[in-house]
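For reference, the structure is listed below as structure tokens.
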Amino acid sequence: MGTFHQGKSALHGITVVVDTTGAEIFVGRCDDEDERSVILLDVDVHREGDGGRSKAEYVARAARVGVWKKHDRVVIPRGQVASVRPLGEVAPA
Amino acid sequence: MPYPELMVKPMRDELVMAGIEELRTPEQVDAFMAEKEGSALLVINSVCGCAAGQARPGVRAALEHSVRPDRLATVFAGQDVEAAARARQYFADVPPSSPSLALFKGGELAYFVPRHRIENRSAQEVAADLVAAFDRICAAPTPPAVGTA
């Protein structure tokens with residue numbers, strides 16, 4: 001059974017971690033990405049140090065069971081993106 | 001919004017034909033979860049082929065293993081909305097994702113495979129993950145219920 005999402009980027013439908021050049025890091029399902037932005041759906045966001053957790057600690061915890069969404073859709077300008085990687089490739093905490 | 005039933009029927013059948021009971025109402029979910037003895041696998045089925053296309057054959061392959069859960073069931077997220085919502089109440093500490101796989105032992109969640117650990121993996125990799133969990137969890141004796149002698 002195929003997907004129903006033709007015309008999107010290779011990461012479409014994949015849960016990804018988008019680290020930024022600032023304090024924020026996002027986890028969400030990639031809708032699309034191009035040279036201008038990364039668009040995520042069902043998104044959680046963490047700021048370095050919130051709840052006493054670093055970005056790395058937050059991501060390792062997210063890798064275990066996932067995240068609770070805070071936003072339906074977030075558009076992250078490409079200039080603020082430091083890295084994009086699938087959450088499934090992160091070792092769980 | 002649910003997809004047309006005609007489109008999702010093959011996705012339902014793929015699990016049902018593997019001997020997995022489909023739970024389509026909250027009452028059916030409650031009845032399934034009321035049985036605490038032994039182990040139980042609950043498959044949160046999904047339309048999206050990004051992950052469900054690997055999850056269903058992965059589950060089917062895992063069930064070929066000699067050690068498997070005592071009871072098997074599935075709910076269809078996005079289709080049987082009330083049943084899926086009720087099922088998630090039994091592992092409410094876990095963020096909702098679909099497809100996903102929940103393995104219970106003695107009525108308690110013992111292992112969970114969220115959607116992001118199915119995406120980008122082959123059915124064989126999903127099956128291997130489940131088989132390892134079956135060996136570790138289903139083969140072990142059920143712990144006595146709290147408060148019993």
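With a cut-off of at most 16 other beta carbons within 10 Å, and DSSP calling the residue loop, which trypsin sites (Lys or Arg not before Pro) in the stretch A:37-88 qualify? Please list them.
Working: sites: A:Arg47, A:Arg53, A:Lys55, A:Arg61, A:Arg64, A:Lys69, A:Lys70, A:Arg73, A:Arg78; in loops: A:Arg53, A:Lys69, A:Lys70.
Those that pass, being in a loop and sparsely packed, are A:Arg53, A:Lys70.
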>> Using +1 at the C-beta of Lys and Arg and -1 at the C-beta of Asp and Glu, which of B:Ala102, B:Ser46, B:Asn120 has the Cα lying farthest in the positive direction of the dipole of chain B?
In response: B:Asn120
> What size of dipole, in debye to the nearest 20, comes out for the stretch B:23-72 about its Cα centre when the only charges are +1 on Lys and Arg C-beta atoms and -1 on Asp and Glu C-beta atoms?
Replying inline: 220
> Of A:Ala62, A:Gly7, A:Val27, whose Cα points farthest to the positive end of the dipole of chain A (charges on the beta-carbon: +1 Lys, Arg; -1 Asp, Glu; origin at the Cα centre)?
Replying inline: A:Ala62
> How big is the gap, in Å, between the Cα center of the stretch A:45-93 and the Cα center of the stretch B:73-100?
Replying inline: 23
> For B:115-125, what's the mean count of beta carbons from other chains sitting within 10 Å of each residue's beta carbon?
Replying inline: 5
>> Just to be sure I understand the model, the point goes 7 Å from the Cα along the line to the Cβ. What's the resulting B:Asp70 to B:Glu82 distance in nm?
In response: 2.9
> Summing -39500 (n - 2.57) over the DSSP H runs of n ≥ 4 in chain A and dividing by its residue number, what mean residue ellipticity at 222 nm do you reach, to the nearest 500 deg cm²/dmol?
Replying inline: -3500 deg cm²/dmol
>> Let's see if you can work this out: charge +1 on each Lys and Arg Cβ, -1 on each Asp and Glu Cβ, no other charges. What is the dipole magnitude of the protein assembly as shown about its Cα centre, in debye to the nearest 20?
In response: 260
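Applying 1/(1 + (r/R0)^6) with R0 = 41 Å to the Cβ-Cβ distance of B:Asp13 and A:Thr21, what FRET efficiency is obtained, to the nearest 0.05?
Numbers: r = 48 Å, r/R0 = 1.17.
Efficiency computed from Cβ-Cβ geometry: 0.30.
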> Given a 1.4 Å probe and the protein chains all in place, what does the accessible area of A:Thr21 round to, in Å² to the nearest 10?
Replying inline: 100
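DSSP loop (so not H, G, I, E, B), at most 13 other Cβ within 10 Å: list which trypsin sites (Lys or Arg not before Pro) in the stretch B:1-58 pass both filters. Mind dumping the intermediate values first?
Working: sites: B:Arg12, B:Arg24, B:Lys36; in loops: B:Arg24, B:Lys36.
Here the trypsin sites (Lys or Arg not before Pro) that fit, given the DSSP loop and packing criteria, are B:Lys36.
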>> How big is the dipole moment of the stretch A:15-86 about its Cα centre under a simple scheme where the beta carbon of each Lys and Arg is +1, that of each Asp and Glu is -1, and everything else is neutral? Debye, nearest 20, please.
In response: 260
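For the stretch A:1-64, state which chymotrypsin sites (Phe, Trp or Tyr not before Pro) are in a DSSP loop and have at most 15 other beta carbons lying within 10 Å of their beta carbon.
Values: sites: A:Phe4, A:Phe26, A:Tyr58; in loops: A:Phe4.
When the chymotrypsin sites (Phe, Trp or Tyr not before Pro) of the stretch A:1-64 are filtered for loop state and at most 15 Cβ neighbours within 10 Å, A:Phe4 remain.
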>> If I ignore ligands, DNA and RNA and count only protein heavy atoms, how much of B:Met11 is accessible to a 1.4 Å probe, in Å² to the nearest 10?
In response: 0
> Using alpha carbons only, how many degrees (0 to 90, rounded to 10) separate the axis of helix A:55-65 from the longest principal axis of chain A?
Replying inline: 60
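The values are calculated or read from the model by the stated rules, or taken from the named source; none is laboratory data. A quick note: this is a predicted structure, and the numbers were derived from the prediction, not measured. All Cβ positions, glycine included, derive from the backbone under ideal geometry; neighbour counts span all protein chains shown. Accessible surface areas use protein heavy atoms only, side chains included; no ligands, DNA or RNA. Shrake-Rupley method; radii C 1.70, N 1.55, O 1.52, S 1.80 Å.
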